[in-house]
1. Being in a helix (DSSP H, G or I) and at pLDDT below 75 is the filter here; which residues of segment 44-64 pass it?
2. Test of understanding: among D181, D214, which residue is of a type in the set (D, E), modelled with pLDDT of 80 or more and closer than 30 Å to F156 by Cα?
3. Would you be able to say whether some residue in segment 161-169 is closer than 30 Å to Q78 by Cβ and modelled with pLDDT of 85 or more?
4. For segment 85-122, give me each residue that is touching a Lys or Arg at 6+ places or on another chain (Cβ under 9 Å) and small (G, A, S).
5. Report every pair of residues separated by at least 6 positions or lying on different chains whose Cβ atoms are under 6 Å apart, first residue within segment 103-116 and surrounded by 12 or more Cβ atoms within 10 Å (Cβ to Cβ), second among the aromatic types (F, W, Y) and assigned to a loop (DSSP other than H, G, I, E, B).
6. Residue check: is D112 out of contact with any strand residue (DSSP E or B) (no Cβ under 8 Å at 6 or more places or on another chain), of a type in the set (D, E, K, R) and not in a helix (DSSP H, G or I)?
7. Any residue in segment 162-183 that is in contact (Cβ under 8 Å) with a residue 40 or more places away in the chain, of a type outside the set (G, A, S), loosely packed, with under 15 Cβ neighbours inside 10 Å and assigned to a helix (DSSP H, G or I)?
8. Can you find even one residue in segment 147-158 that is of a type in the set (S, T, N, Q), at pLDDT below 90 and surrounded by fewer than 21 Cβ atoms within 10 Å (Cβ to Cβ)?
Amino acid sequence: MNLSKRYYTDIPAVDRPVGGGWTSNTPARRVLNKFAVIRDAVLALLILIVLSTFWPFRTVPTGSRGVITQFGAIKGIQNEGLVVLFPWERLALFSVRAETASIENADGSTSDTQPVKVSMTVRYSIQVPKVAEVYEKYSHDGDLSSYVQTATQEAFKAVTALYTAPDLIAKRAKVSADISDALRAKLATYGAQVINIDMRNFSFSPDYMKAINDKVTQEQLRLAAENRLKTVESEQKQKVAIAEAEANALKAKSDGEAYANLTVAKAQAEALRVQNAALAQNRDVLELRRIEVEKEKAARWDGKLPQNMYAGAPIPFLNMGK
């Protein structure tokens, strides 16, 4: 197509005076045909509108589901990937990714009427089988943060009412699990599921917190005193054990010496008994020894009688009993 002929027209030459006379311009002037340009632009725009409106191919990205509607009514749910639509159908993208809802300063009351506050972050996602229900009743894009915030506050109040204030502190993990269970039951109504809950800024009233701090301080002082007492008792027990060990050592030493002496005495007595028994069994040997002793005495006697005599003193060779 020759665009120059389509959008431009030739204008015949116009005579004009030159130097007092008339002269003709031979080249024809070309002017833009505005009507043709406007007509083609409008036509191209209409074609683009028709193509964009009735283009049958759509794409559902990862982490989403496609909700196909026909004149406002849900006709089906498409997974990720390519989708072919009829001209009278529409596709809405619905997120099934994990979403986050923040709850700041949710308040409750314990079973012993102590006010308590907490901030929480709840991560949740839409249950894939419930996409059509959630789209129809609650949200067209998968955002249920407002519902999650309300349900979390209700679950927190219901759970904290079952615990005393000390139990909330001592059993924080169980409290978190109970809140998760209660929240799961509530969010199931909206077609959502809880991924996890993070509790932050768990706090009581200032007066109660001061009382807790004072109690903790007293408990620490008590434990310190008990530890000191245990240390003293341990030292005393150690000293007693040392003294008992020393006494046992002395007793063992005395017992050992006594036992040794007894053993020696028994041995000596036994030796004497054996010797006496041997002598008693052989009187001839005893008599022979006596004679040998008397003979030895006689050999050594110089024939002089003792000058001083005392009662019972033996006189050599005058032993009349023998």
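1. Correct list: I47, L48, I49, V50, L51, S52, T53, F54.
2. D181
3. no
4. Result: S95, A98, A101, A106, G108, S109, S119.
5. Qualifying pairs under 6 Å: T110/Y163.
6. Against the criterion (out of contact with any strand residue (DSSP E or B) (no Cβ under 8 Å at 6 or more places or on another chain), of a type in the set (D, E, K, R) and not in a helix (DSSP H, G or I)), D112 qualifies.
7. Yes, segment 162-183 contains a residue that is in contact (Cβ under 8 Å) with a residue 40 or more places away in the chain, of a type outside the set (G, A, S), loosely packed, with under 15 Cβ neighbours inside 10 Å and assigned to a helix (DSSP H, G or I).
8. The initial filter retains those residues of segment 147-158 that are of a type in the set (S, T, N, Q), namely 149-150, 152-153.
Among the residues that remain, those that are also at pLDDT below 90 are: none.
No, the conditions are met nowhere in segment 147-158.
The values are calculated or read from the model by the stated rules, or taken from the named source; none is laboratory data. Since the structure is predicted, the reported quantities are computational estimates derived from the model, not experimental observations. Every residue, glycine among them, receives a Cβ derived from its backbone with ideal geometry; neighbour counts consider all protein chains shown.
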